[in-house]
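One structure is given here, and the rest of the page talks about it.
The values are calculated or read from the model by the stated rules, or taken from the named source; none is laboratory data. For clarity, every value in this text was computed on a predicted model and none was experimentally measured. Reconstructed Cβ throughout: ideal geometry from the backbone, glycine too, with neighbour counts over all protein chains shown.
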Amino acid sequence: MKVINLKKKKKDKYKKITIYIVIIILVFFLFFLFLKDSSNNNFLFSSIKDISASISKVTSFSFNKKEKIDDTVLVEEINKDYIKEIENLKKTLELNSSNTVKEFINATVIKRSTNYWYNLITIDKGKKDGITNGLAVVNNNGLIGKVIKVNNYTSDIKLLISKLDENCISAGFTYEGSQYYGLISKYDLISNELILKNVIGDFSKDKIIGVNITTSGLSDSFSSGLIIGKVKDIKKDTFGISYNLIITPSVDFNNLNIVSVIKGDK
């Protein structure tokens, strides 16, 4: 009888181990899906991403709270981060109040994959907050990108400097009362420069250095007047027909914390 009981206990033990292994594999698989920034936006994936985002916010808060108690030096660093975030929030609120024509949804960046650092960010607002695909995202300095995927409580933003594909954003500037247009074609990571290509016109190179480049609203998903950056240099294209303008982005893409989604923007 004892032998039978031992065999049964051993069998039950193996069953439990098997179940634990299956659960662990499933958890790792789901976690991998979350990190991959998949373009699939099915119900399961959206739910996982929303839950993961909530857990991330809670654990982040708990961790910071514990470190505040344990480490005085770290507390000071965290306080500096909080002060910086408050300053950014104030600037964002000023942006919201100064532009009464547009309606803004303020959000916090909660995820930024190291594999897609210059391509995608995730914010803590989604369908429940009225966000839809294609909306423009800005901060107090200028255009950041646009919403490309929306879950219930989170959204993915494709950055202006993304290399996932050619952005080809229509942009331009004003010179002596005339409008000039081109296409934002690529971003140089080393020099932190955007290129505005295919600009045709007659203008003085010296006078447009430092001029603001903004979205034109002509052919892309952005409305007009969103600041992209300033002209740093001008070069003729290969055939000498048009100009390529070197642009310094107005946004610091390495420091994105609080952003605003422009509701109803195209």
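Given the criteria without any contact (Cβ under 8 Å) to a residue 40 or more places away in the chain and buried (at least 18 other Cβ atoms within 10 Å of the Cβ), does K158 qualify?
When the stated conditions are applied, K158 passes them.
Against the condition over 18 Å from V251 (Cβ atoms), in contact with a helix residue (DSSP H, G or I) (Cβ under 9 Å, 6 or more places away or on another chain) and either of a type in the set (A, V, I, L, M, F, W, C) or surrounded by 20 or more Cβ atoms within 10 Å (Cβ to Cβ) (or both), how does Y180 come out, does it pass?
Here the answer is yes, as Y180 does meet what is asked.
For N151, are the conditions met, namely being touching a residue at least 12 places away in the same chain (Cβ under 8 Å), assigned by TED's automatic domain parsing to the domain that holds E103 and touching a Ser or Thr at 6+ places or on another chain (Cβ under 7 Å)?
yes
Identify, please: which residue in region 239-266 is closer than 17 Å to I213 by Cβ and of a type outside the set (A, V, I, L, M) and is, among those, surrounded by the fewest Cβ atoms within 10 Å (Cβ to Cβ)?
The first filter runs over region 239-266 and keeps only residues closer than 17 Å to I213 by Cβ, leaving 242-253.
Narrowing further to those that are of a type outside the set (A, V, I, L, M): 242-244, 248-250, 252-253.
Numbers: S242: 14, Y243: 20, N244: 18, T248: 16, P249: 22, S250: 20, D252: 10, F253: 18.
Checking each candidate, the answer is D252.
Residues that are assigned by TED's automatic domain parsing to the domain that holds T215 and without any contact (Cβ under 8 Å) to a residue 40 or more places away in the chain: which strands (runs of 3 or more DSSP E) entirely in region 225-266 hold 2 or more of them?
Per the criteria, 227-236.
Can you confirm whether I209 is more than 23 Å from N119 (Cβ to Cβ) and exposed (fewer than 15 other Cβ atoms within 10 Å of the Cβ)?
yes
If you go through region 186-206 one residue at a time, do you hit one that is free of Cβ contacts under 8 Å to residues at least 40 places away in the same chain, outside any loop (DSSP other than H, G, I, E, B) and closer than 30 Å to T154 by Cα?
Yes; the residues of region 186-206 include at least one that is free of Cβ contacts under 8 Å to residues at least 40 places away in the same chain, outside any loop (DSSP other than H, G, I, E, B) and closer than 30 Å to T154 by Cα.
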